[in-house]
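Engineer: Below you'll find the structure I mean.
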Amino acid sequence: MGFDLQPELEALEAQHLRRRLQVIDQVLPGGKVIVGGREFLNLSSNDYLGLALDPRLIAAAQAAAGRWGAGSTASRLITGTLALHQQVETEVADFKGTDRAIIFNTGYMANVGVISALMGKGDVILSDRLNHASIIDGMRLSEAGFYRYPHRDLNRLEDLLKKYCAVRRLLIVTDSVFSVDGDLAPLADLVRLKERYGAWLMIDEAHATGVLGATGAGLAEALGLSAGIEIHMGTFSKALGSFGAYVAGSAPLIDMLHNRARAFIYSTALPPPVLGAMQAALAIVRQEPEPRDYLLEQATLFRQRLQAAGLDTLESETQIIPVLVGDNRRSLEFAARLRQIGLMAVAIRPPTVAAGSARLRFSLSAAHQPADLARAAEQIIAAGREMGLNKRTCS
Ligand SMILES: *Cc1c(COP(=O)(O)O)cnc(C)c1O
């Protein structure tokens, strides 16, 4: 009866699914952290370019606070739109090559806001099964019908497009780089299909912004497909080192979001220090390709080392590299072993991934030194071998 929470928590514990917060005591250069007096190589951060500690972002945040204050004091449609918000939005549109852009307080709010603003009763959304939770929550909130097609399965997607092509609005939504496995959406095929069936395409570039593309604008830029995509979403909270998110697209799209996206309308505007950091990060990312080139080179090397030792890195092609374990308890044990030797990596368990496919997720950063990554790969391989994870096939 009532709010008896303890049994539910105990059930999570029994299934090895209970989560706990871990406190980082200190953040160090080189992608390292101190926890409980010990130093770890952090292989779980999304700070892919090491910009969170970049003195230029820190200085820009301080300068913006000095000039505009610590808070924006109101929501965007009231008196919370500073010239600084408008500047960042203009810079994002320029970066993404779209007419206009809008910033949201978080990527979570951007996805929830956009999907629920555009889609309603009688509309249909087709979503890759491994899309981020914020996309799922946006679909739920929208009251549109939605279908989660099997991961990257174009045949199933096309069947659904055929079936629903007469509805008012038909939207395909996908992560561009998938957040758990670091694999890529089949963007060229998605553009072809959405054109054929009169759908719109929305892509979430949270893990690609700053990392992929000649100027760091993401996978759509890397593949030359930007112009064929109606809704570009991405974040400042990962490779761009600070916080917040953007949606870029046509002028009517952005105007509609100003009017209908409740996550935009009913929340206080991003504060000036964050906007300062956003501007600095955008400028750096556009002008400096070297860190992302280094990151992707190191990721390829790291992945190849693990694969050569017989670990299963699934379909990763990016700085996000999973190692499949399977069982929840064993994935926790693997993470615990790595922790003992100074490596911080999280076990990803259901419901984030399918039952029986728990895995460790390693995310690399341009802040990591080559020697630290080489040693980490050796240590992961050795720990994996002790756990019997290295399945070498002799072909
Ligand atoms: C992290 C992430 C988000 C949410 O972004 P926040 O700015 O952290 O709220 C949305 N989509 C994907 C694919 C993500 O990985």
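The values are calculated or read from the model by the stated rules, or taken from the named source; none is laboratory data. Everything quoted here is computed from the prediction, not taken from an experiment. With ideal geometry, Cβ positions are generated from the backbone for all residues, glycine too; neighbour counts draw on all protein chains shown.
Engineer: Name the residue, out of I58, I34, I136, that is modelled with pLDDT of 95 or more, under 15 Å from L275 (Cβ atoms) and either away from the ligand (no atom under 16 Å from the Cβ) or of a type in the set (A, V, I, L, M, F, W, C) (or both).
Structural biologist: Exactly one of I58, I34, I136 is modelled with pLDDT of 95 or more, under 15 Å from L275 (Cβ atoms) and either away from the ligand (no atom under 16 Å from the Cβ) or of a type in the set (A, V, I, L, M, F, W, C) (or both), namely I58.
Engineer: What is the one condition in (1) in the same structural domain as G342 (by the TED database); (2) over 30 Å from L5 (Cα atoms); (3) surrounded by fewer than 15 Cβ atoms within 10 Å (Cβ to Cβ) that L41 does not satisfy?
Structural biologist: The failed condition is (3).
Engineer: Okay, moving on. For the stretch 1-32, how many residues are without any contact (Cβ under 8 Å) to a residue 24 or more places away in the chain, part of a loop (DSSP other than H, G, I, E, B) and surrounded by 10 or more Cβ atoms within 10 Å (Cβ to Cβ)?
Structural biologist: 4
Engineer: If I filter the stretch 162-176 for residues that are touching a His at 6+ places or on another chain (Cβ under 8 Å), outside any loop (DSSP other than H, G, I, E, B) and within 16 Å of the ligand (Cβ to nearest atom), do I get at least one hit?
Structural biologist: The answer is yes; a qualifying residue exists.
Engineer: Filter the stretch 90-131 for residues that are farther than 17 Å from L253 by Cβ and buried (at least 24 other Cβ atoms within 10 Å of the Cβ); which is nearest to the ligand (Cβ to nearest atom)?
Structural biologist: The residue in question is G107.
Engineer: Against the condition under 27 Å from G120 (Cβ atoms) and within 11 Å of the ligand (Cβ to nearest atom), how does T209 come out, does it pass?
Structural biologist: Considered against the rule, which asks whether it is under 27 Å from G120 (Cβ atoms) and within 11 Å of the ligand (Cβ to nearest atom), T209 comes out as no.
Engineer: Name every residue in the stretch 347-395 that is small (G, A, S), surrounded by fewer than 17 Cβ atoms within 10 Å (Cβ to Cβ) and over 28 Å from G210 (Cα atoms), in order of residue number.
Structural biologist: Correct list: A354, A355, G356, A382, G388, S395.
Engineer: Checking R359 against (1) touching a strand residue (DSSP E or B) at 6+ places or on another chain (Cβ under 8 Å); (2) modelled with pLDDT of 95 or more; (3) part of a helix (DSSP H, G or I), only one condition comes out false. Which one?
Structural biologist: (3)
Engineer: OK, next. Being in contact (Cβ under 8 Å) with a residue 24 or more places away in the chain and among the aliphatic types (A, V, I, L, M) is the filter here, so list the residues in the stretch 286-314 that pass it.
Structural biologist: Once the filter is applied, which keeps residues that are in contact (Cβ under 8 Å) with a residue 24 or more places away in the chain and among the aliphatic types (A, V, I, L, M), the stretch 286-314 yields L295, L296, A299, L301, L306, A309, L311, L314.
Engineer: If I filter the stretch 219-271 down to residues being in a helix (DSSP H, G or I) and either among the basic types (K, R) or not assigned by the TED database to the domain that holds L141 (or both), which single residue comes out as farthest from the ligand (Cβ to nearest atom)?
Structural biologist: R260
Engineer: Do we have any residue at all in the stretch 187-201 that's in a loop (DSSP other than H, G, I, E, B), of a type in the set (A, V, I, L, M), more than 22 Å from E91 (Cβ to Cβ) and touching a residue at least 60 places away in the same chain (Cβ under 8 Å)?
Structural biologist: Taking every residue of the stretch 187-201 in turn, at least one turns out to be in a loop (DSSP other than H, G, I, E, B), of a type in the set (A, V, I, L, M), more than 22 Å from E91 (Cβ to Cβ) and touching a residue at least 60 places away in the same chain (Cβ under 8 Å).
Engineer: Here is a further query. Could you list, in sequence order, the residues of the stretch 177-200 that are surrounded by fewer than 23 Cβ atoms within 10 Å (Cβ to Cβ) and either away from the ligand (no atom under 15 Å from the Cβ) or basic (K, R) (or both)?
Structural biologist: Passing the criteria: P186, A188, D189, V191, R192, L193, K194, E195, R196, Y197, G198, W200.
Let's see how each residue does on (1) part of a loop (DSSP other than H, G, I, E, B); (2) over 30 Å from H151 (Cα atoms):
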residue	(1), (2)
S331	no, no
F334	no, no
T352	yes, no
D372	no, yes
E378	no, yes
I381	no, no
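Engineer: Continuing with this model, one more query. Quick check on this structure: which one of P322, P350 is within 19 Å of N131 (Cα to Cα) and at pLDDT 95 or above?
Structural biologist: P322
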